[in-house]
Amino acid sequence: MLFVVGTAAEIEPFGHWLGDAALLARLQQVDYRTTVVVAAFAGPRPSTGYAITIQAGAWQGDEVRLTAVETAPAPGQAVLEVITYPFHLVAIPREVLPTQPLRWRLLDPVGQVLAETCWPG
């Protein structure tokens, strides 16, 4: 899943995925006049040891492409067998983005679309 947050009110749709009240409070304190926050969620995973990381981004025309890498625990790595919800948040300065609506795509390293959304509105 991919969310783009440009106002404190836009946190609500994905806030429950964070599972961390302190992080949610910090997101509500971001200055959204100057910053946009992008959130990539890998979805439920069967144990600890999973992660998703937004590694690169490029804007061209009306599209922002974000490349994300998901990692899994190594074979034999000690993990807790509990459902986890890996995510990664990235802050982007508004000054580098156009004001027009953009299509945001989250891609894996080979270019497969993992998620997409339009923002603003």
Mind ordering 11-21, 82-92 by average Cβ neighbours within 10 Å, highest first?
-> 82-92, 11-21
Debye log10 I(q)/I(0) for the range 1-68, one point scatterer per Cα, at q = 0.13, 0.24, 0.29 Å⁻¹ = -0.44, -1.23, -1.35
Mean separation of Cα contacts under 8 Å (6+ apart) over length of the chain, as relative contact order % | 29 percent
Work the Kirkwood hydrodynamic radius out for the chain: mean of 1/r over every pair of different alpha-carbon atoms, inverted, in Å.
-> 15.2 Å
Can you tell me how much longer the chain between Thr35 and Leu97 gets when fully stretched, taken as 0.36 nm per residue apart minus their C-alpha distance, in nm with one decimal?
-> 21.3 nm
J(HN,Hα) series, the range 49-66, from Karplus relation 6.51 cos²θ - 1.76 cosθ + 1.60, nearest Hz, glycine and proline x = x, 9, 8, 10, 9, 6, 9, 7, x, 8, 10, 8, x, 9, 9, 10, 10, 10
Once phi is turned into ³J(HN,Hα) by the Karplus curve 6.51 cos²θ - 1.76 cosθ + 1.60 with θ = phi - 60°, what whole-Hz value does each residue of the range 91-99 show in order, with x for glycine and proline?
-> 9, 10, x, 4, 4, 8, 10, x, 8
Antiparallel DSSP beta bridges within the chain, as percent of all bridges there, nearest 5 | 85 percent
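Readers should treat all values here as calculations from the given coordinates under stated rules, not as data from a laboratory. Because the structure is predicted, anything quoted here is derived from the model rather than measured. Note that each Cβ is placed from the backbone with ideal geometry, even for glycine, and that neighbours are counted across all protein chains shown.
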